[in-house]
1. Residue by residue through segment 35-72, note down the ones that are part of a loop (DSSP other than H, G, I, E, B) and at pLDDT below 90.
2. What tally of residues in segment 51-95 results from selecting those that are out of contact with any strand residue (DSSP E or B) (no Cβ under 8 Å at 6 or more places or on another chain), closer than 20 Å to residue 20 by Cβ and touching a residue at least 12 places away in the same chain (Cβ under 8 Å)?
3. Quick check: is even one residue across segment 18-26 exposed (fewer than 11 other Cβ atoms within 10 Å of the Cβ) and not in a loop (DSSP other than H, G, I, E, B)?
4. Could you list all residues from segment 74-95 that are assigned to a loop (DSSP other than H, G, I, E, B), at pLDDT 90 or above and exposed (fewer than 13 other Cβ atoms within 10 Å of the Cβ)?
């Protein structure tokens, strides 16, 4: 009987598997309707950090849905905010 240590049954070390999944997520976001958004995905230690700004709440929900699908089982920290795009309430005074 042999022991594989930290490698999962597929023979890929966990860190490489995480990096691969993050790269696949980046490709998937770039290829979809959300490709122009400023969303960044980074591996930080054992967790994955997703940051950026999107134009609407539905766009944020779509990003989070894709992240959950691609990175299921990994610790993920999401800091994706919605940019406010409404008109100002009052005129800006210039001097």
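The values are calculated or read from the model by the stated rules, or taken from the named source; none is laboratory data. Everything quoted here is computed from the prediction, not taken from an experiment. Please note: Cβ atoms are built from the backbone with ideal geometry, for glycine as well, and neighbour counts cover all protein chains shown.
1. 37, 45, 46, 55, 56
2. Of the residues in that region, 2 qualify.
3. No, segment 18-26 contains no residue that is exposed (fewer than 11 other Cβ atoms within 10 Å of the Cβ) and not in a loop (DSSP other than H, G, I, E, B).
4. Our first condition is that a residue be assigned to a loop (DSSP other than H, G, I, E, B); within segment 74-95, this holds for 74-75, 83-95.
Right, trim to at pLDDT 90 or above and you get 74-75.
Scanning segment 74-95 gives a single hit, 75.
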